[in-house]
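The values are calculated or read from the model by the stated rules, or taken from the named source; none is laboratory data. Worth saying up front: this structure is predicted, and the values here are computed from it rather than measured. Here the Cβ positions follow ideal geometry from the backbone for every residue, glycine too, while neighbour counts run over all protein chains shown. Accessible surface is based on the protein model in full, side chains and every heavy atom, while ligands, DNA and RNA are left aside. Shrake-Rupley method; radii C 1.70, N 1.55, O 1.52, S 1.80 Å.
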Amino acid sequence: QLSDQQKMSESALSHFRGVYLPPALHPLNKTLVKGSKWKDVDSAQEKRRSFLHGFCKKYNSKKKLQTHLVHLVSRIYVEDKHKVLYCEVPKAGCSNWKRVLMVLNGLATSAHNISHDDVHYGKHLRKLDSYDLKGIFTRLNTYTKTIFVRDPMERLVSAFRDKFEHPNSYYHPVFGKAIIKKYRRNANEESLKTGSGVKFKEFIQYLLDSHRPVGMDIHWEQVSKLCYPCLINYDFIGKFETLEEDANYFLQLVGAPAELKFPKFKDRHSSDERTSAEVVRQYLKELSKEERQLTYDFYYLDYLMFNYTSP
């Protein structure tokens, strides 16, 4: 006889295994939104939702799911008080989003005095994969699910600048050393020892290599593989390009305290110029035409899903 947990597990997985079409698009509950100033944000939101839904319908119809349920939800943060699920996309405002979730959860009074280390290394927020299957399902079906995305090339260049152009005690020795060793001809001893000074072109060679010397990383992994937007029916799709108004509208939707606003500050390297389309152009100049095309192909699904214009 199957135990309840096994039955639950079977039904959970069969639910996802049989998903060739995205789940139905539920209307957003807008009863808590006050004032008419959100009209444009709301209309952009509805367009994004129906665009993604249409894309998934077309793309997903012949795809078999080969990912375990627990992996599907491993990047999703849970805020039980306001019933929010947030899928973390690095380099798309995620540090400030985690600060906001901590405030919503009653773990801090203001988003402004939570340090970077507290956000990323303090174990204050729970992830959805830490619940049992019943807990995962209940939350997926009843909480407001959001994802915030960014132009794929901007996100990629932003990740490179953050991890490789500044001192970093993890990315240089782990990724930098392996990248320099494999892709730099006549690398000097110092570079091989520290892993510092990786060039953008070398980083792209690593990204596009099917035999990478070191694995993928969430900072440049595709959003389609971090958050599975065609299998998890996100209620709200925010974009980094309109981060503040999207985030503040979302906070209205979930009934956040009126005084809580999405923080404007840049989390780290605040004196650096933000990674803009112009900054991206400068980096892409270092690549050959073929490398640029292959990098675009690598993020092709993200471009399509979220309706970003190809560079």
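General remarks:
- In summary, residue 207 fulfils each of the numbered conditions (1) more than 21 Å from residue 183 (Cα to Cα); (2) not in a loop (DSSP other than H, G, I, E, B); (3) not small (Gly, Ala, Ser) with the single exception of condition (1).
- Residue satisfying condition, being at pLDDT below 95, surrounded by 18 or more Cβ atoms within 10 Å (Cβ to Cβ) and in contact with a helix residue (DSSP H, G or I) (Cβ under 7 Å, 6 or more places away or on another chain), within set 311, 229: 229
- Selected residue (only one of 250, 262, 236 is touching an Asp or Glu at 6+ places or on another chain (Cβ under 6 Å) and within 20 Å of residue 83 (Cα to Cα)): 262
- Only one of the listed residues (93, 122, 106) is open to solvent by 10 Å² or more (accessible area, probe 1.4 Å), of a type in the set (Gly, Ala, Ser), more than 30 Å from residue 278 (Cα to Cα) and in contact (Cβ under 8 Å) with a residue 24 or more places away in the chain. That residue is 106.
- Considering the range 179-200, and only residues there that are open to solvent by 20 Å² or more (accessible area, probe 1.4 Å), outside any loop (DSSP other than H, G, I, E, B) and not polar (S, T, N, Q), the residue that is nearest to residue 213 (Cα to Cα) turns out to be 182.
- Checked against the criteria, residue 228 does not count as touching a residue at least 12 places away in the same chain (Cβ under 8 Å), under 30 Å from residue 70 (Cβ atoms) and part of a helix (DSSP H, G or I).
- For the range 207-217, residues that are open to solvent by less than 50 Å² (accessible area, probe 1.4 Å), within 27 Å of residue 147 (Cα to Cα) and either more than 23 Å from the chain's Cα centre (by Cα) or touching a residue at least 12 places away in the same chain (Cβ under 8 Å) (or both) total 2.
- Residue check for residue 163: open to solvent by 40 Å² or more (accessible area, probe 1.4 Å), more than 20 Å from residue 80 (Cα to Cα) and among the charged types (D, E, K, R): no
- Selected residue (criterion: modelled with the lowest pLDDT) from residues of the range 271-288 that are charged (D, E, K, R) and in a loop (DSSP other than H, G, I, E, B): 272
- Residues satisfying the stated conditions in the range 54-76, i.e. open to solvent by 90 Å² or more (accessible area, probe 1.4 Å) and modelled with pLDDT of 85 or more: 57, 58, 71
- Residue selected from the range 282-297 under the condition open to solvent by less than 50 Å² (accessible area, probe 1.4 Å) and closer than 12 Å to residue 205 by Cβ, by the criterion nearest to the chain's Cα centre (by Cα): 295
- Against the conditions (1) part of a helix (DSSP H, G or I); (2) out of contact with any Leu (no Cβ under 9 Å at 6 or more places or on another chain); (3) over 25 Å from residue 154 (Cα atoms), residue 120 satisfies every one except (3).
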